[in-house]
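Just so it is clear, none of the values below were taken in a lab; they were calculated from the coordinates. These figures come from a predicted structure and were not determined experimentally. As a convention, Cβ positions derive from the backbone with ideal geometry for all residues, glycine included, and neighbour counts pool all protein chains shown.
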Amino acid sequence: MKKISIIVPCYNEQESLPLFYEEIIKVAGEMKKEKVEFEFLFVNDGSRDKTLEVSRELAKKDKRVRYISFSRNFGKEAAMYAGLENVTGDYIAVMDADLQDPPKLLPEMYHLIIEEGYDCVGTRRVTRKGEPPIRSFFARCFYKIINKMSKVEMVDGARDYRLMTRQMVDAILSMKEYNRYSKGLFSFVGFQTKWLEYENIERVAGETKWNFWKLLMYAFDGIFAFSTVPLSIATAIGIIFCIISFIAIAVIIVKTLAFGDPVDGWPSMVCIMFFLSGIQLFCTGIVGAYLSRTYLETKKRPIYIVKETEEELKTK
Ligand code: UDP
Ligand code: MG
């Protein structure tokens, strides 16, 4: 009998989690005839509401439910990693708790893997209905930029919701980096991925944890984790400015020799100084972005810290 593990990162999801559980056990019921068993792993990412209590209750009444609770909020990336490290299934899915990732796609995903030999079935939203237009615009720009800059392909609208084989999950786990950008990691490991498309669904309860600023920072994480093109841009800017300055020097020497006018142009000089210092700081910033990430990697801090798991229920 094959086992499907479902990883659900949860941060302040006390309202959504019971609704999610209702839906997922319906799907699990439908899939009984396929001879698969299920495991649900709720990763409580340091929620400040009753998410942990809800997970405990669910784990008490259903032994397929497991949970891991972090000592504080480590972020969704850490929660997914913890999930992947701790599940025992042959096929592994990551799903949001807010039902934006429809569980009813699961049987189809499973069939695609079992019958058509895919290693992974991912999902992508083809619409961004219900999202602020300005956010959609920036999201589209981001995918255009990162796909130009990085060899690893990032699919526009791809969600973290996907069903993977054990082999692929082990490949992802072999990447122990601290600054995790899963969309890139999933794509980096390769394997055959089939994309299912669906219309955007709004969350059932609670609210999104992402604001514009967080998303922007996340976008930078993606770029710095999967591309070194910004460093080349810094070099290119440097070279271009050297060439410009050589030409300018030549022009000034010729002009001075021909017309003899050495001290004219103080205002333009100040502008040039401001402009060039700006460019220099910008390039130092790019180097700094890589340096700070390297710094965090070398510390080898744990990606997450566990405070409690469902094992505790058994000993109590
Ligand atoms: N999440 C998490 N840790 C965080 C932020 C979010 O585990 O620090 C979880 C959250 O509970 C949800 C999923 O990640 O299950 C996606 O979050 P959300 O729905 O807020 O993101 P959106 O769907 O708006 O992109
Ligand atoms: Mg959501």
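Given the chain reduced to its alpha-carbon atoms as identical point scatterers, what log10 I(q)/I(0) does the Debye formula return at q = 0.06, 0.09, 0.16 Å⁻¹?
Values returned for q = 0.06, 0.09, 0.16 Å⁻¹ are -0.29, -0.55, -1.42.
Per residue, how big is the convex hull of segment 159-316 when only Cα atoms are used? Give it in Å³. Walk me through the intermediate numbers first.
Working: hull volume 39.4 nm³, N = 158.
So the per-residue hull volume is 249 Å³.
Based on Cβ point charges of +1 for Lys and Arg and -1 for Asp and Glu, what charge dipole magnitude is obtained for the chain about its Cα centre, in debye rounded to the nearest 20?
Numbers: 44 positive and 41 negative charges, 72 e Å.
Once rounded to the nearest 20, the dipole reads 340 debye.
Exceeding 19 Å between C-alpha atoms, which entries from my cross-link table qualify? They are Lys26/Lys63; Lys76/Lys176; Lys176/Lys300; Lys3/Lys32; Lys26/Lys194; Lys32/Lys314.
Lys26/Lys194; Lys32/Lys314
Using modelled backbone amide H atoms (1.01 Å from N, in-plane), which distant-in-sequence or interchain residues come within less than 5 Å of Gln100's amide H?
So Gln100 has HN proximity to Val204.
Excluding residues on the same chain fewer than 8 positions from Lys148, give the aspartates and glutamates whose Cα lies under 20 Å from its Cα.
Of all the aspartates and glutamates, those that pass the test against Lys148 - Cα under 20 Å, at least 8 places apart if same chain - are Asp156, Asp221.
For Leu257 paired with Phe220, estimate the spin-label separation in nm (one decimal), with each label point 7 Å from Cα along the Cα-to-Cβ line.
Spacing of the two 7 Å Cα→Cβ label points: 4.8 nm.
So for segment 2-84, Kirkwood radius off the Cα pairs, Stokes-Einstein at 10 °C and 1.306 mPa s: how many µm² s⁻¹? If you can, show how the numbers build up before the last one.
On the way: Rh = 12.9 Å.
Estimated via Stokes-Einstein, D reaches 123 µm²/s.
Considering only DSSP states other than H, G, I, E and B, which trypsin sites (Lys or Arg not before Pro) in segment 117-154 qualify as loop sites with at most 11 other Cβ atoms within 10 Å? List each step's numbers first, then the result.
Values: sites: Arg124, Arg125, Arg128, Lys129, Arg135, Arg140, Lys144, Lys148, Lys151; in loops: Arg128, Lys129, Lys151.
Those satisfying the criteria are Lys129, Lys151.
How would you order 276-287, 19-30 from highest to lowest mean count of nearby Cβ atoms within 10 Å? Working shown, then result.
Numbers: 276-287: 13.2, 19-30: 16.8.
Ranking, from highest mean packing down: 19-30, 276-287.
For a test of the definition: using alpha carbon positions, the gyration tensor, and the 1.5 limit on a/c, classify segment 34-82 as rounded, prolate or oblate.
On the way: a/c = 3.53, a/b = 1.48, b/c = 2.39.
It is oblate, given that a/c is not under 1.5 and a/b is not larger than b/c.
Using packing as a proxy for protection, rank 191-201, 89-99, 51-61 so that the peptide with the highest average count of other Cβ atoms within 10 Å comes first.
Numbers: 191-201: 14.9, 89-99: 23.1, 51-61: 18.4.
So the peptides 191-201, 89-99, 51-61, ranked by packing, come out 89-99, 51-61, 191-201.
Out of segment 64-157, which GluC sites (Glu not before Pro) are coil in DSSP terms and have no more than 16 other C-beta atoms within 10 Å?
Numbers: sites: Glu77, Glu85, Glu108, Glu115, Glu116, Glu153; in loops: Glu153.
Here the sparse-neighbourhood loop sites are Glu153.
Placing +1 on the Cβ of each Lys and Arg and -1 on the Cβ of each Asp and Glu in the chain, which of Phe191, Ala82, Pro132 has its Cα farthest towards the positive end of the resulting dipole?
My answer, from the dipole projection, is Ala82.
Expressed as an acute angle from 0 to 90° and rounded to the nearest 10, what is the orientation of the C-alpha long axis of helix 266-299 relative to the principal long axis of the chain?
30 degrees
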